[in-house]
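These notes are about the structure you will find just below.
The values are calculated or read from the model by the stated rules, or taken from the named source; none is laboratory data. Everything quoted here is computed from the prediction, not taken from an experiment. Using ideal geometry, Cβ is built from the backbone for each residue, glycine included, and neighbour counts are taken over all protein chains shown. Side chains are part of the model used for accessible areas, which takes the heavy atoms of the whole protein and leaves out ligands, DNA and RNA. Shrake-Rupley method; radii C 1.70, N 1.55, O 1.52, S 1.80 Å.
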Amino acid sequence: MPTVISEQGGQDCHAAGAASSSDLWLKADELAAVSGWELKPEGMCKGEVCVPIPAGREAEFVADDAVHVSAFWDYLDKPVAHTESGDVWYLGEGAQARNDALLSLSAPDFTLPDFSGRLHSLTDFRRQRVLLITWASW
């Protein structure tokens, strides 16, 4: 039972297909839960974005209701890392997506309490200038 970690978080999954320490096959519903990618007739889709399975290579990526996740991630040019035994997998975000986020100069939303305990989110201050001062004791 591999643990799969992605931008969606971590989840214990049931490996589908032949167990291997270098290939990760998951049932399509588990892939959707752990990564947001869903197997549809038009290919692998996440929200509005669909990536067709390459013609003639369907067996490399899909078998019955299982998806060869590590091959699909390689196809998307995203990093994949795993332990030597294959019991923990990390599905990374592609460098281009990270670069685009950094170039947008948009900070990810977060919520923090003020001194009185009232919560404030960064999105509460949309279209306003914000000065964020941080400090750490270490």
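Can you tell which of GLY56, GLY86, GLY36 shows the greatest fluctuation in a Gaussian network model of the chain with Cα springs below 10 Å?
Its mean-square fluctuation being the largest, the pick is GLY56.
Charges only on Cβ, +1 for Lys and Arg, -1 for Asp and Glu: so what's the dipole of the chain about the Cα centre, in debye to the nearest 20?
I would put it at about 780 debye.
List the GluC sites (Glu not before Pro) in segment 20-105 that DSSP assigns to loop (not H, G, I, E or B) and whose Cβ has at most 13 other Cβ atoms within 10 Å. Which are they? Intermediate results must be reported in sequence, preceding the final value.
On the way: sites: GLU30, GLU38, GLU42, GLU48, GLU58, GLU60, GLU84, GLU93; in loops: GLU42, GLU48, GLU84, GLU93.
Those satisfying the criteria are GLU42, GLU48, GLU84, GLU93.
As a test question: what accessible area, to the nearest 10 Å², does ASP29 have when a 1.4 Å probe is rolled over all protein chains in place?
About 110 Å², rounded to the nearest 10.
Based on Cα coordinates alone, diagonalise the gyration tensor for the chain, multiply each eigenvalue by 5, take square roots, and list the semi-axes in whole Å, largest first.
After diagonalising the Cα gyration tensor, the semi-axes are 36, 19, 14 Å.
Test of understanding: in a Gaussian network model of the chain with alpha carbons linked when under 10 Å, which of LEU39, LEU105, LEU119 would top the mean-square fluctuation ranking?
LEU119
Near LYS78, which lysines are there with a Cα under 18 Å away, not counting those fewer than 8 places off in the same chain?
Here the lysines satisfying the reach criterion relative to LYS78 are LYS46.
With a probe of 1.4 Å, find how much accessible area the chain has per residue, and write the answer as a whole number in Å².
Accessible surface, normalised per residue, equals 70 Å².
Any idea how far the Cα center of segment 24-42 sits from the one of segment 111-138, in Å?
Distance between centres, Cα-based: 36 Å.
Between SER85 and GLU48, what length comes free when the chain is fully extended (0.36 nm per residue of separation minus the Cα-Cα distance, one decimal in nm)?
Full extension from SER85 to GLU48 adds 9.8 nm.
Excluding same-chain residues fewer than 8 positions from LYS40, which aspartates and glutamates have a Cα within less than 15 Å of its Cα?
ASP29, GLU30, GLU48, GLU58, ASP64, ASP65
Select from LEU131, ALA71, ALA28 the residue farthest towards the positive end of the dipole of the chain; place +1 on Cβ of Lys and Arg, -1 on Cβ of Asp and Glu, and compute about the Cα centre.
Most positive-ward Cα: LEU131.
What are the trypsin sites (Lys or Arg not before Pro) within segment 1-97 that DSSP puts in a loop, where the Cβ has at most 16 other Cβ atoms within 10 Å?
Details: sites: LYS27, LYS46, ARG57; in loops: ARG57.
Filter output for segment 1-97: ARG57.
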